[in-house]
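Notes follow the structure.
No value in this document is a laboratory result; all are computed from the given coordinates. None of these values were measured; they are calculated from a predicted model. Every residue, glycine among them, receives a Cβ derived from its backbone with ideal geometry; neighbour counts consider all protein chains shown.
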Amino acid sequence: MTETSHSPSLPEVSFYVLGSHDQQQRLEFACKLVEKIYRTGFFCYVLAESAEQAGQIDKALWTFRAGSFVPHQIYQGLLPQYPGTILIGDSDIPEAWRSVIVNLSSTFPPAEPPTERILEILDNSEQSKQAGRQRYRHYQQLGLSINTHKM
């Protein structure tokens, strides 16, 4: 029997393209996606554009749906006490939270292991779509599997 070298698998990227320019709808969609991730037994890092947007996401996760509970906190260098907590921030993703990244920023999240999924949420504004196209090309050049969902 021969040993084969097994390289870590590349992450899968999903783009969710919303039909609206409305930032509130984008935040609500992000909250629903984060809730779905949490309910399926995973936790994630929500990569925000800025500390201000991280605060908006933090607030929205408390209020987006009555009866919904998604444990979360803004990441400021301290890891949460509860391991399944969703972290929100605008930089420095802790390695244990890199498996699933929900990207609301215009930056490129890490695409090497341990990242398994990158979820991109774009609104219908020209600025958002243009930044999304740049990230799409970047992911293509890295050889990542990409899915696009028009919402």
Starting from the Cα of LYS59, draw a straight line to each of the aspartates and glutamates and keep only those under 19 Å, dropping any in the same chain fewer than 8 residues away. ASP22, GLU28, GLU35, GLU49, ASP90
Spelling out what I want: for every residue of the stretch 16-26, take phi, set θ = phi - 60°, compute 6.51 cos²θ - 1.76 cosθ + 1.60 (Karplus), and round to whole Hz; glycine and proline get x. 10, 9, 7, x, 10, 8, 5, 5, 5, 5, 5
Any residue on another chain or 5+ positions along whose placed amide H is under 5 Å from the amide H of TYR75 is listed here as ILE88, GLY89
If amide H atoms are modeled at 1.01 Å from N in the peptide plane, then the residues at a separation of 5 or more from VAL102, or on another chain, having amide H under 5 Å from its own are TYR45, VAL46, LEU47, LEU119
From the coordinates shown, Cα extents along the principal axes in Å corresponds to which of (1) 40, 36, 30; (2) 111, 64, 22; (3) 57, 40, 26: (3)
Whole-Hz Karplus couplings 3J(HN,Hα) for the stretch 131-139, θ = phi - 60° and coefficients 6.51, -1.76, 1.60, Gly and Pro as x, run 4, x, 4, 4, 5, 4, 4, 4, 5
Under a plain spin-label model, where a point goes 7 Å from the Cα along Cα-to-Cβ, how far apart in nm are HIS149 and SER125? 2.3 nm
